[in-house]
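Let me begin by handing over the structure; questions about it come next.
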Amino acid sequence: MENSQVNCKIEKEKLGELAEYLKIISDENRLKILCLLKHGERCVCEIHETLNLPQNLTSHHLKILREAELVIARREGKWVHYRLNDEKISYLTELYREIVLGG
């Protein structure tokens, strides 16, 4: 019985983690940012210009993505460059496969 409870707790944690990730990427602008970054590192100015978003809104979305560890920021002078956190995205992709697709 204890082993079953442990498995249930782990499953709940995984479900919560996946649900949080899906909430974050359900925003169209954040999804667009992730799609843009899959082609390589970009400066915040490139991101907001390419997506035709105000700079402050772009920064807001990038902050959320950074806090979720989906992107990594690197400062170069006054500019901040962003790239995908491939490790985190791979982990969450596998988590999705495990939970939703069953393997």
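State whether the residues of region 79-86 include one that is free of Cβ contacts under 8 Å to residues at least 12 places away in the same chain and over 10 Å from the mean Cα position of the chain (by Cα). I'd like the intermediate steps shown before the answer.
Residues of region 79-86 that are free of Cβ contacts under 8 Å to residues at least 12 places away in the same chain, as a first pass: 86.
The next check asks that each one be over 10 Å from the mean Cα position of the chain (by Cα); those that pass are none.
The answer is no; no qualifying residue exists.
Next up: Mind listing whichever residues of region 68-85 are among the acidic types (Asp, Glu) and either modelled with pLDDT under 90 or exposed (fewer than 11 other Cβ atoms within 10 Å of the Cβ) (or both)? Don't jump to the end; show me each part of the working.
Applying the first criterion (among the acidic types (Asp, Glu)) to region 68-85 yields 69, 76.
Residue satisfying the conditions is GLU76 alone.
Give the number of residues within region 30-47 that are crowded, with 16+ Cβ neighbours inside 10 Å and within 14 Å of LYS63 (Cα to Cα).
Total satisfying the criteria: 5.
Using the structure shown, decide if ILE72 is under 13 Å from the mean Cα position of the chain (by Cα), of a type in the set (A, V, I, L, M) and outside any helix (DSSP H, G or I).
Details: under 13 Å from the mean Cα position of the chain (by Cα): yes; of a type in the set (A, V, I, L, M): yes; outside any helix (DSSP H, G or I): yes.
It is true that ILE72 is under 13 Å from the mean Cα position of the chain (by Cα), of a type in the set (A, V, I, L, M) and outside any helix (DSSP H, G or I).
The values are calculated or read from the model by the stated rules, or taken from the named source; none is laboratory data. Quick caveat: nothing in here was measured; it's all calculated off a predicted structure. Counting neighbours? That spans all protein chains shown, and the Cβs are built from the backbone with ideal geometry, glycine included.
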